[in-house]
Amino acid sequence: MTSSSPLYAQVALDVPLFTALSYRVPEHLRDHIAPGQLVQVPFRNRSKTGLIVALSTELDDPTLAPKIRDLYDLVDPEPLLSPHDVRFLSFVADYYLSPIGEVVRLAIPSAVRVEGIKHYRRLPEDQRTPAPNAPQTPLSLELAGALASLSDTEPTPVAALRESHAELTYHRLAELELRGLVEVTYQESASLKPKTERYFKLLPRPRGTLTGRLGANQLQILKLLDGMPSLSLPEIREHIASPYSSLKALEERGLIESWEEEVYRDPFADAPVEPAPSFELTLPQQRAVDAVARARQAGRFEGFVLHGVTGSGKTETYVRIIRDTLAAGRRALVLLPEIALTPQFVGVFRSHFGERIAVLHSGLTAAQKFDQWRQIRRDEVDIVIGARSALFAPINDLGVIVVDEEHDPSFKQEEGTRYNARDMALVRGKLARAQVILGSATPILESFYNARQGRLTYLAMPERVAARALPPVDIVDMRRGPHNPTAGPSSLLSTRLLGALDDTLHDQKQAILFLNRRGFSPCVVCEACGHVFHCPHCDVSLTYHRRMEALRCHHCDFSLRMPESCPECLHTGIDRKGVGTEQLEAHLRELYPRARVARLDRDTGAGPRLQQLLTSFRRREIDILVGTQMVTKGHDFPDVTLVGVVLADMSLNFPDFRAAERTFQLLTQVAGRAGRADSPGKVIIQTYTPEHYSLLTAREHDFESFAERELAQRQAMGYPPFGHLIALKFEGANEGATVQATRNYATAARRLLRTERAFGDAVSMLGPAMAPIARIKNRSRWQLLLKAADRALLRRFTIRTLELAGHFDAGQPHHRNVRIIIDVDPLNML
DNA sequence: AGCACGCCGACT
DNA sequence: GTCGGCGTGCTC
């Protein structure tokens, strides 16, 4: 055999390096290696597990040749991820200018990653069978020493063996395998292991066997097992308190047999399973289903914007599309914005599709996540439902991706790799030739615009099911003065909203009041000297929380007992300005002492309390629900007939070019909670800017007019969807160093703009500028915003800028303590 | 991220 | 004389 040209593997490691590292593939592994496999590689002076992202016969940088080392071994003969998945991960890393290892970590739960560490166990002399190509020479002294240090009962991790025998490489140790001296196993070294259960079944009983002298327990077990394929130990224990000795006795007599089997830890344990309602599709629903079917039958990728008003039956449409997809032998992925919504959603899906569903979201325990992931990878489920991270689930034969409530900002990850699951769903769909459905009552302008440009297919569902009307929306001008007779005695709630509340309570219906600010008062001021209480760690004012009698920061965990007097002038009169949900709740309790008022926000709806509150509201144990954004999300409460928006201006005044769009979305979504069943609903919006087009178009349920108006503004400013943005964000404890780092990058960018025409003409830079919240958790925040109409050009420009600023160099002396965040397609400009 | 290397203060 | 501080540089 002549030695062929070397083969290199690009391996992604869990280290913050932008690129994968290259390793030579040893000759004996050449035919067994593929992208998507986990491998053990030498890294510095230790061994690490990494994922092969590519194989090549040449190095992209030949000067690296002398540094290249051989990889040690495969961790598992089976690839962990499909080539499809690997390509997708590489794309994501590339697109978001993010280290590949960090992206791989998104896709593989940490518990799975350590799966299959190679172990050796010394075989007893009589069990040794050398391979035909084993060396005939005597075993070297070092290897004999290593062999001697192994146990013949307990497997030892090979990495541990290498530590005690530093002179031996993995490669040399492999000789022990070749000579048949050791047994090779791949074992989890982590705490998480697949859970197993002991199963029992009846053995066919030889005719005429005496069954005499069986205890009562033993007889009962035989009776239980009779007619059952098998039963697990817990199932047996449901009937017999302590069956252990009896089971053992029965097995010894050869009457039953037992074995260990992997079982999955079930995260659905508390998911309500609702009976599958049979339904007929409305015409628009049917059209949507048919449009998707055409793409599926043609076997091509297609992206759809499913624009369905609140209550138009989007979920039923998804169900039907997924059913067709499964019938065609492919699988489905459903992405939801909030884990809070999953139990209900999963319940609906289980009633339609049974057990072959997995869920993935950050609320699962590590063990549950581990099990769900393994089920998905083994093709044991057909539908995966989850929050944004489920985008990376290792689903084979993916046929359809549904992104429900695609406008929701929680699809954007705001740390690490700042991916947007909604955008990347389109990419994954394209790679898999799947159909991608982006569903919302308020599609983002990018979707609307792309549909108009023909890149996405627009599917409209403009009417609510069962001919229910969209609720009428009333805008109340809260500005005081003789021109405004509707302003009532309460500065918080207008007479019109109070009147509507009276009616709702009188009719024994429910109301939702939305106020996008938690706490009692968002700002606390000394009435004598004007001192405003600020967070000592963040550049924001403190919020007064009455229940805790404390001032709290909403950006860090700082909190302070509500002081008696001003720390500046010792004056005892301290004013609480502005209104949050806590105060609104208290106010309503005073106004309606007999109504049941509850509040839903991050303070009251943390963890399991959220489900409790929602359930309790659905059961009509609450009359008025006060809440933040959390009440706007797709919940379905049939008896809500009134929705009040206490102050619509809050999101309008946000320092962000998406403020108008956010406001429109918020108002439309919250208004959609009203009148979802047989009783008609009503919406009242209070505002100080009643003439704003976000409010006026929301009042008319007129998405198109809003979109036209907003698109015109975006075009004028070159903002998305007409231009693309990449934000460079700088955070550091030292303000001077942070500014300096920002300046260095700005200088690099400016130089490129000056020297290269292609960039200078097409790219613009805003900043260096202080971030709208200039300091959070004692870290100063600065930013640069890069903008261009051509996405590819903007990407190239950013990479060149980063290179020029030394961003990819290891270690940058000037910016040691400044964190530099690259935010591609930023959503949150704060 | 880790982790080794390196050049300056208080200890056997 | 050395132990160890954490600044800085690098990982195929």
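The values are calculated or read from the model by the stated rules, or taken from the named source; none is laboratory data. Just so you know, these numbers come straight off a predicted model, no measurement behind them. Cβ placement follows ideal geometry from the backbone for every residue including glycine, while neighbour counts extend to all protein chains displayed. What goes into the accessible areas is simple: the full protein's heavy atoms, side chains included, and nothing from ligands, DNA or RNA. Shrake-Rupley method; radii C 1.70, N 1.55, O 1.52, S 1.80 Å.
So the values come out like this:
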item: Residue-wise HN-Hα coupling along the stretch A:724-736, computed from phi with Karplus coefficients 6.51, -1.76, 1.60 (Hz; x: Gly, Pro); result: 10, 10, 10, 9, 9, 10, 10, 9, x, 5, 9, 4, x
item: Expected 222 nm ellipticity per residue - DSSP helices of 4 or more, -39500 (n - 2.57), all of chain A, to 500; result: -9500 deg cm²/dmol
item: Estimated FRET transfer efficiency when R0 is 51 angstrom, pair A:ILE773-A:GLU154 (beta carbons, to 0.05); result: 0.40
item: Relative contact order [Cα under 8 Å, 6+ residues apart], chain A, whole percent; result: 9 percent
item: Hz values of 3J(HN,Hα) by residue in the stretch A:501-518 - Karplus curve (6.51, -1.76, 1.60), Gly and Pro given as x; result: 5, 3, 4, 4, 5, 4, 7, 6, 10, 10, 10, 10, 10, 9, 9, 8, 6, 8
item: Hits among lysines - C-alpha to C-alpha of A:LYS223 under 27 Å, sequence gap 8 or more where chains match; result: A:LYS201, A:LYS248
item: For chain A: span of alpha carbons on each principal axis (Å, largest first); result: 105, 83, 66
item: Per residue accessible area of chain A, 1.4 Å probe, in Å²; result: 46 Å²
item: For A:ALA789, residues with placed amide H under 5 Å, excluding near neighbours; result: A:HIS724
item: Interchain or long-range residues, amide H under 5 Å from A:TYR544's placed H; result: A:PHE520, A:SER521, A:CYS523, A:ARG552
item: Sulfur and carbon atoms: percent of accessible area, the stretch A:690-815 [1.4 Å]; result: 50 percent
item: Label-point gap, in nm, between A:ASN45 and A:ALA789 - each point 7 angstrom along Cα→Cβ; result: 5.8 nm
item: Partner lysines for A:LYS777 [C-alpha distance under 23 Å; skip if fewer than 8 residues away on the same chain]; result: A:LYS412, A:LYS729
item: Whole-Hz ³J(HN,Hα) from phi, Karplus 6.51 cos²θ - 1.76 cosθ + 1.60, for the stretch A:610-620, glycine and proline x; result: 4, 4, 4, 4, 5, 4, 5, 5, 5, 7, 6
item: Amide proton proximity set for A:VAL334, modelled H, under 5 Å, gap of 5+; result: A:VAL384, A:ILE385, A:GLY386, A:VAL402
item: Ranked by how many other beta carbons lie within 10 Å on average, peptides A:9-15, A:753-759 from highest; result: A:9-15, A:753-759
item: Cysteines (scope chain A) whose Cβ has no counterpart Cys Cβ under 4.7 Å; result: A:CYS523, A:CYS556
